[in-house]
């Protein structure tokens, strides 16, 4: 099993993808796009309540960008 970790600060955007049937059954895919030279993206497939997951990720991204940087 391969495990990759990406820092929250590297995620630039998230998207939610659902077909019509997935929307009716309330599941779908959530993708987090990263910045940097390696351009690794994280894709969560067939997630239950994907809109909640996407909103949570977006909220965490907003919070992390508003926090002061410690030097």
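Taken together, the values in this text are just the output of simple stated rules run on the coordinates, not laboratory data. This one's a predicted model, so the numbers in the text were calculated from it and none came from an experiment.
The relative contact order of the chain, computed from alpha carbon pairs under 8 Å that lie at least 6 residues apart in sequence, is 30 percent.
Extension gain for residue 13 to residue 31 (0.36 nm times residue separation, less C-alpha to C-alpha distance): 5.7 nm. With respect to the chain, whose longest principal axis is taken over its alpha-carbon atoms, helix 50-66 is tilted by about 10°. Restricting the calculation to Cα atoms, the chain yields a radius of gyration followed by a Dmax of 13.8, 48 Å. Helical runs (DSSP H, four residues minimum) scored at -39500 (n - 2.57) apiece and divided by the length of the chain put the mean residue ellipticity at 222 nm at -10000 deg cm²/dmol.
Subtracting the Cα-Cα distance of residue 3 and residue 64 from 0.36 nm times their residue separation leaves 19.7 nm of extension gain.
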